[in-house]
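Below you'll find the structure, written out as structure tokens, and then a few comments.
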Amino acid sequence: MRTKLKYPIVARSGGHSYEGFGIGDKDCYLVVDLANLNKIIIDVNSQTAVVGPGNRLEPIYNKTSEHMFAFPAGTCPWVGVGGLITGGGFGYLNRKFGMSSDNILDAQIVLANGTVVHSAKKHPEIFWSIQGAGNAGYGIAPLLFSVMNKLGSNIHPNITFLIRIAPEYLSIRGIYIGSANELQNHIQEFVKLSKPKNITYTENTLYHALVDGMEGTEIKGKVNEIGRHGTAFVHRGFLYHMEIKITVNSEISEMCLQEFDNFSQEFRRNYA
Ligand SMILES: Cc1cc2nc3c(=O)[nH]c(=O)nc-3n(C[C@H](O)[C@H](O)[C@H](O)COP(=O)(O)OP(=O)(O)OC[C@H]3O[C@@H](n4cnc5c(N)ncnc54)[C@H](O)[C@@H]3O)c2cc1C
């Protein structure tokens, strides 16, 4: 027997939507959990992979690294690939390889009317939309940002920095795709100008560097080579990606949350 449901339907991939969109953000949504659509098939010859949208990033990083491949995606290994890619997908390899969504070759999707489109690539407007249309203490930082602004996109594309500004410290971590020796040459100017208190270089596999996880402000490279209208991901032509987080503990007051909200609204008004 077929019954027409009155509930709106949402897909959930990794459940990492900040806004709770993976569960509809309010009551009475029918949630389609994609967790079992989790195949990862790697074709070594064509250097491509078929990935189910229920995967989180960790197994993708794991499987691709087994073949010495990499996929440019998020810094948090537990984000779902479904929500990440539809939102663009930023992380350590963006400067070199672009957004996650720039690396999608094709997709099979179910339209709102239940029709299955086996190759989104054959429907340019659908393909365009899945490429990033979205899913739904600064005191000590000026020197650092002025150095970043000065060097700008001249920073080598194999480097992505993440700047972490916390109440107690300011740190810059990053990934260089290559050896520690090469990196030291490429960041001489940056080190000279930004005068860090100490520096460490660690050689590691990409998998471990990514799964260790780091978050902060990133500097963009390859992402900006595509125009604002090239794909559905419109946030191009900028130097930084910025993620502002608040950790809630017993000392956070309502006033503090309100100030944070005011800050983010003013920031968006002035800069977004
Ligand atoms: C701790 C944390 C760290 C993060 N780090 C990064 C990062 O490094 N880089 C980055 O780019 N983003 C990052 N994000 C943001 C994250 O990419 C987005 O919140 C993304 O939407 C989460 O995707 P998800 O599949 O895990 O979430 P979900 O809640 O499952 O889904 C998010 C949205 O996408 C829709 N959706 C999911 N799968 C599909 C599908 N297959 N088809 C259609 N719609 C779908 C859902 O309906 C929902 O609207 C982070 C988020 C968190 C919470």
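Nothing in this text is a laboratory measurement; each read-out follows from the coordinates by a stated rule. For clarity, every value in this text was computed on a predicted model and none was experimentally measured. Counting neighbours? That spans all protein chains shown, and the Cβs are built from the backbone with ideal geometry, glycine included.
Considering only DSSP beta bridges with both partners in the chain, what is the antiparallel share in %, to the nearest 5? If we restrict to bridges inside the chain, about 80 percent are antiparallel. Rounded to the nearest 20, the size of the Cβ-charge dipole of the chain about its Cα centre is 600 debye, with Lys and Arg at +1 and Asp and Glu at -1. Packing, taken as the mean count of other beta carbons within 10 Å per residue, orders the peptides 192-201, 99-108, 6-15 from highest to lowest as 99-108, 6-15, 192-201. Only DSSP H runs of four or more residues enter the estimate; each adds -39500 (n - 2.57), and after division by the residues of the chain the mean residue ellipticity at 222 nm equals -7500 deg cm²/dmol. Here's the picture: charge each Lys and Arg Cβ at +1 and each Asp and Glu Cβ at -1 in the chain, and of Asn198, Cys28, Leu257 the one pushed furthest to the positive end of that dipole is Cys28. Which of the lysines could a cross-linker span from Lys6 if the Cα-Cα distance has to be under 26 Å and same-chain partners fewer than 8 positions apart are dropped? Counting by Cα, and skipping residues close in sequence, Lys6 has these lysines nearby: Lys26. If R0 is 22 Å, the Cβ-Cβ spacing of Asp25 and Ala133 corresponds to a FRET efficiency of close to 0.80. Ordering Phe161, Val223, Ile187 by Cα displacement along the dipole of the chain toward the positive end leaves Val223 in first place; charges were set at the Cβ atoms of Lys, Arg (+1) and Asp, Glu (-1).
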